Structure formats: C-alpha cells, structure tokens
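Notes to accompany the following structure.
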Amino acid sequence: MDSALLNEWLWQEEFWLPPGIRWRDIEMKEDEGRFPLPRDLIYTLPLAFAFIALRYVFERLVALPLSRILGVKDRIRVRAPSIPKLEAFYKQNSRQPSQSEVVSLGKQCGLSQRKIHTWFRHRRNQDRPSNTKKFCEASWRFVFYVVAFTAGLGSLINTPWFWDHRECWRGYPKQPVSEAHYWYYVLEMSFYLSLLLCVSVDVKRKDFKEQVIHHIATLFLIGFSYCGNYVRVGTLVMLVHDSSDFLLESAKMFHYAVWTRTCDSLFIVFALVFLVTRLVVFPGRVVHTTLVVSLEFFQPFLGYYFFNALLLVLQALHVFWAYLILRMVYKFVFLGKVERDERSDEESNVDEEEEEEEPEDEGDECSWEQRKGAINSKLASLANNCVLNNLTNQRNISSRLPKAR
C-alpha cells in the first residue's frame, strides 16, 4: 500500500507534464516510436560496472604501454620507514598531526619532532598518485569523450533541433526517441555513474568537491530529462560538454609525458573551446531555449523549474572552472608556460605541500638516488672548475710568451 501511494505521488502529472496534459495523452503506439520510460534506465547500473571492468582492462593493456612509449616517468620518492605507532596514527587519526600530537608521538617513539614531521611528510608523499596512474586515468576519459562526442555529433547533425532549437519543444511532450539517442543517453549516464562509483579511488584533485557535485547533478539531469522527455535538449547538453572534455584529457596526457609544447598548444585550444561552449553556447543557446523559448509551447510547471535549476547548477560550475582556466591562461601569457592544470589536475591533499623534499637531519635516511645526484653535481662542478682553470692558465702562458722572447 505504501509503495502504491509513493508511486502515485512520485508520478503526479502536475510534476512531470505541462498543465492540461495527462499521461494518456502521450501514449504512443508501436509504429509511432519509443517513448522514454523510467524502466529504460535500469540498464545503466550494470553498464556502469561494465565500464569499470573495461577501464581496468584498458588501463593495463593499452594506457600503461602507451605511457611508456610517450616517456611518462614517475617521481622517485623517499619511503617512510616502518614505524607501527606512526603508521597507526596516520591511518586512524590524521595525515597531518597537530603540534601537540607531534610532541606526544615523539615521546612514544623516542624520536625528535623534526623526525616526526619528516616521517609524515614522506608518508603523505608516498600516497600521492604516480604520473603513470594519472596518465592512465586521463587516457581512459579521453577515449570515452572522443567516442561519445563523435557518435553524438553524428546522431544529431541531421536532426532539426540541432539547427533550430525551437524544434526541441515542437510537439512536446509527445516526442518519440530514436534508438541512437536512447543509447547515447544510457551510455553517458552509465559512464558518469561509473565515475561516481570510482571517485574514492581515483586521483583526488583540487576541485574534488565540485567534481562530485558535477557528477551528481549530471546524473540527476540525465535521468530526469529522460523521464520527462527532455531528450532533445539533453542530447545538446551532453554534446556541448563532450566537445571540450576530450581536449582537456589529451592535454593532461601530454603534460604527464612532459611534452610541453604539445600540452601548451592543446591547453590553449581547450581553453578557447571551453570558454566558448560553456560560457556562450550553453547559456546563450541551451539554457535560453529551456528558460525562454520553451514557454512559447507550454505553461511553466514544477518539472520545468527543476530541470532549469539543474542546468543552472551546471552553469555555476562552468563559471568556477572558467575562472581557474583564465588563471592558467594568464600564467601562460605572462609567464610563458602552463605550470599545472588549475582546473582539475592538482591533488587536493590536506597539507597542500610540495613534493620536493626538505633538508633533513644527519640521522635521517637519504635515498641512494639523492646521494648519487648530489655527488654527480659536485663532480660536474669540479670538472668545470678544472677546465676553466686550465683555460685561464693557458691564456696566461700564451700572453707571457712574447715578453719572454
């Protein structure tokens, strides 16, 4: 009984349909095409797990060998020595202890405060994702966005609403959905669901919270727009997003491979496409047609307000990311290079520390790689000094030869 009441309340016509339209008015016959139904989206959950499995195989069989071909190198980090009490505190309490906790841990372990700080710094750096992991993640997203954008553009370019946005609402809500657009919806929703399921194990970035909000808003937007038959507008929204995302992921890939010129060029192209599509096309065309143009065909109702609220949440995120991108453009123009991806490539560790190691006490362990690098630099300096001294002495001898004669 309770489920029947919930079902009746959830599918109220006043919420989903414009005023004056009933569910029986939009029923379609088999020869009229497919009408979007909520049960069609049941395939998104198993497909999301299929995407996770496919990603696992892709990263190991394709992305990992590709990273080696492109020359992706992982930073050599000093591993923290095994100290059970510090390890337990790190996992159970905090990754960055307070000063009082450092003093207490130092007394328990018989170590100086500096060594406690050094251990936690090394332990945090040890948990940082490697460049190879970040490259594999970016390459997986790049492949999906390229395929999704190409397939989406191919399925939409010959539709009337791609060129005239008033066609998005002509005949609404009784609009059939083609098989291509149905699978476009299902695969996009499954992909974003897989990203949300993997958010705890993926690389945590500077805009981690915004990314989670973006994934949730996208899932609500895709699901609600399909159930409310806003499919025509929904396909345009997905196409606009996919048009710039694959450029960002490709720039990340070359950034991790230290192909600086290629990365910088792709970033400039991405920035231009992002700013045009997210700050001009999306609000000027897509949001405008849902807020304004749609009212030429029906009176506003609760679903209209909810759908537009989701679009405005996405637009607010676009403004946030555009601010980060413009900061990057400023650095590129005035500093001459892109130092890091302000939008979503900077790890959001609590301490926001740099990976460079600080000078340590004599008793602290130092890796052989660091010692070898220091010895090589000193030898090179000595060799240069010897060469310069020899050249100076040779010039002095040559200058004194005429006088001796």
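The values are calculated or read from the model by the stated rules, or taken from the named source; none is laboratory data. Predicted model, so just to flag it, every value in this text is computed and none were measured. No Cβ is skipped: glycine too gets one built from the backbone with ideal geometry, and neighbour counts run over all protein chains shown. Only protein heavy atoms, including side chains, enter the accessible area calculation; ligands, DNA and RNA are left aside. Shrake-Rupley method; radii C 1.70, N 1.55, O 1.52, S 1.80 Å.
Looking for something open to solvent by 20 Å² or more (accessible area, probe 1.4 Å), modelled with pLDDT under 90 and assigned to a helix (DSSP H, G or I) - is there at least one such residue anywhere in segment 267-275?
Yes: one or more hits.
Find all pairs meeting these conditions: Cβ atoms under 7 angstrom apart; at least six residues apart or on different chains; first residue within segment 79-94 and assigned to a loop (DSSP other than H, G, I, E, B); second residue modelled with pLDDT under 80.
ARG79/GLN126; ALA80/GLN126; PRO81/GLU365
Show me the helices (runs of 4 or more DSSP H) entirely contained within segment 9-75 in which 2 or more residues are at pLDDT 75 or above and surrounded by 15 or more Cβ atoms within 10 Å (Cβ to Cβ). If you could, list the steps in order and put the result at the bottom.
Details: elements: 13-16, 44-58, 64-70.
Where helices (runs of 4 or more DSSP H) fall fully within segment 9-75 and carry at least 2 residues being at pLDDT 75 or above and surrounded by 15 or more Cβ atoms within 10 Å (Cβ to Cβ), they are 44-58, 64-70.
Filtering segment 104-129 down to residues that are touching a Phe, Trp or Tyr at 6+ places or on another chain (Cβ under 8 Å) and part of a helix (DSSP H, G or I), which residue is farthest from VAL201 (Cα to Cα)?
Filtering segment 104-129 for residues touching a Phe, Trp or Tyr at 6+ places or on another chain (Cβ under 8 Å) gives 105, 111, 120, 123.
With the extra rule that they be part of a helix (DSSP H, G or I), the set shrinks to 105, 120, 123.
Values: LEU105: 29, PHE120: 21, ARG123: 18 Å.
Filtering segment 104-129 for residues that are touching a Phe, Trp or Tyr at 6+ places or on another chain (Cβ under 8 Å) and part of a helix (DSSP H, G or I), the one farthest from VAL201 (Cα to Cα) comes out as LEU105.
Condition check ((1) open to solvent by less than 20 Å² (accessible area, probe 1.4 Å); (2) part of a helix (DSSP H, G or I); (3) at pLDDT 90 or above; (4) among the aliphatic types (A, V, I, L, M)) across all residues:
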{"site": "ARG141", "(1), (2), (3), (4)": "no, yes, yes, no"}
{"site": "GLY154", "(1), (2), (3), (4)": "no, yes, yes, no"}
{"site": "ARG170", "(1), (2), (3), (4)": "no, no, no, no"}
{"site": "TYR185", "(1), (2), (3), (4)": "yes, yes, yes, no"}
{"site": "GLU188", "(1), (2), (3), (4)": "yes, yes, yes, no"}
{"site": "PHE191", "(1), (2), (3), (4)": "yes, yes, yes, no"}
{"site": "HIS215", "(1), (2), (3), (4)": "yes, yes, no, no"}
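Could you please let me know if GLU101 is touching a Pro at 6+ places or on another chain (Cβ under 9 Å) and in a helix (DSSP H, G or I)? Give the derivation first.
Values: touching a Pro at 6+ places or on another chain (Cβ under 9 Å): no; in a helix (DSSP H, G or I): yes.
Answer is no for this residue.
As an exercise: evaluate GLY234 against (1) of a type outside the set (Ser, Thr, Tyr); (2) at pLDDT 90 or above; (3) open to solvent by 20 Å² or more (accessible area, probe 1.4 Å) and give the number of the one condition it does not meet.
(3)
Of all residues being of a type in the set (D, E, K, R) and closer than 12 Å to VAL237 by Cα in segment 278-307, which is surrounded by the most Cβ atoms within 10 Å (Cβ to Cβ)? Just the residue, please. Full working, then the answer.
First, pick out the residues of segment 278-307 that are of a type in the set (D, E, K, R): 278, 285, 296.
Add one more test, that the residue is closer than 12 Å to VAL237 by Cα, and what stays is 278, 285.
On the way: ARG278: 22, ARG285: 15.
That would be ARG278.
If I ask for residues that are part of a helix (DSSP H, G or I) and buried (at least 17 other Cβ atoms within 10 Å of the Cβ), which ones from segment 252-263 would you list?
LYS252, MET253, PHE254, HIS255, TYR256, CYS263, listed by residue number.
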